[in-house]
Amino acid sequence: MKRIAVAISGGVDSAVAALLIKQNGFEAVGVTMSFGVLPLAGYGPKQSGLHNIEDAAGICKKLDIEHHLI
């Protein structure tokens, strides 16, 4: 079975992409990039905050696919 890496952000679009890959007979492997969680001049965490990483991991768990954080 071919393995396809899919970027998982924790949002709906990447979750659907992973699901479609799986439904079409491929093995999906979720990959999430962490850009750090440092505050930006008082505006809170960057887009790749901890909650996004946790959401991405949860999506992969629900879809029963591997998840890698890089």
#### Entry: Packing rank of 59-68, 6-15, where each peptide gets the mean count of other beta carbons within 10 Å, highest leading
6-15, 59-68
### Message
Given a Förster distance of 25 Å, report the FRET efficiency between Val12 and Phe35 from their Cβ-Cβ distance, rounded to the nearest 0.05.
### Response
0.75
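No value in this document is a laboratory result; all are computed from the given coordinates. Just so it is clear, the model here is predicted, and its values are computed rather than measured. Counting neighbours? That spans all protein chains shown, and the Cβs are built from the backbone with ideal geometry, glycine included.
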